[in-house]
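K.L.:
Sharing a structure here in structure tokens format.
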Amino acid sequence: MNLKFVGMIISIFIIAFMVIITIKTNFVGKDKSVKLEEYPSGLIKDQVNKLEKEGSEFEIGSEKNNVAPDFELKNLSGEMVKLSDYKGKKVFLNFWASWCPPCRVEMPHMENYYKKYKDSENVEIIAVNMTTDERNIENVEKFVESLGLSFPVLLDPEGEINDLYDFDYYPTTYLINADGIIVKKFWYAVDEKKIEELIDNIE
């Protein structure tokens, strides 16, 4: 067996290994999202009931150290948007990814709520896409377009906001009061009725 043949065999193994790693990273490793099968019949309420029992929601309170960290990100139009721009409003701050099945289930409910209250002076929905976990930006644009989303969608290409807010699952939502204090965090999808209830109870 000559060296050239041995080198070719080694190269084939290296290429095969890289292909396997790429597949696992893009399709298997996206484990931050709740799996689709955790939605019996696709109903949000089933998943919410299941996850609430597992402690996926907690009250945070109004201590000073729970001030929502400010950030500035671009939206899909390339405009810079700061969280602090919305101080004085209750904010439903949602973190999501286009490949996350619960996010796809939840977003139309967020849109319905937003359409109903978008002219309100005291409430806002902001959806931050965790762009570092996307395969490409086109996926985000297609997702937003396919669901007709009109609330602010911001891009986090460097993963900086994930570090600021320290969460591990998609979707994760923080409820922020008008003083900029985080009052609740939860990591499951919610429907329009639950969104209304949650925002109404922000103090």
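The values are calculated or read from the model by the stated rules, or taken from the named source; none is laboratory data. What you are looking at is a predicted structure, and each value in this text was computed from that prediction instead of being measured. As a convention, Cβ positions derive from the backbone with ideal geometry for all residues, glycine included, and neighbour counts pool all protein chains shown.
K.L.:
For region 105-133, give me the residue count where each residue is over 17 Å from Lys194 (Cβ atoms), buried (at least 18 other Cβ atoms within 10 Å of the Cβ) and charged (D, E, K, R).
P.N.:
Result for region 105-133: 2.
K.L.:
Yes or no: region 185-194 includes at least one residue that is exposed (fewer than 14 other Cβ atoms within 10 Å of the Cβ), basic (Lys, Arg) and either modelled with pLDDT under 95 or not assigned by TED's automatic domain parsing to the domain that holds Lys118 (or both).
P.N.:
Yes, there is a match, as at least one residue in region 185-194 is exposed (fewer than 14 other Cβ atoms within 10 Å of the Cβ), basic (Lys, Arg) and either modelled with pLDDT under 95 or not assigned by TED's automatic domain parsing to the domain that holds Lys118 (or both).
K.L.:
Answer yes or no: is there a residue in region 60-67 that is surrounded by fewer than 16 Cβ atoms within 10 Å (Cβ to Cβ), in a strand (DSSP E or B), among the hydrophobic types (A, V, I, L, M, F, W, C) and free of Cβ contacts under 8 Å to residues at least 12 places away in the same chain.
P.N.:
no
K.L.:
Restricting to region 75-93, name every residue that is within 16 Å of Asn177 (Cβ to Cβ) and either in contact with a helix residue (DSSP H, G or I) (Cβ under 7 Å, 6 or more places away or on another chain) or in contact (Cβ under 8 Å) with a residue 40 or more places away in the chain (or both).
P.N.:
Correct list: Leu83, Ser84, Tyr86, Lys87, Gly88, Lys89, Lys90, Val91, Phe92, Leu93.
K.L.:
Enumerate the pairs (first residue in region 160-183 and at positive phi; second residue anywhere and hydrophobic (A, V, I, L, M, F, W, C) and assigned to a strand (DSSP E or B)) with beta-carbon separation below 9 Å, excluding pairs fewer than 6 apart on the same chain, so at least 6 apart or on different chains.
P.N.:
Within 9 Å, the pairs are Gly180/Val67; Gly180/Val91.
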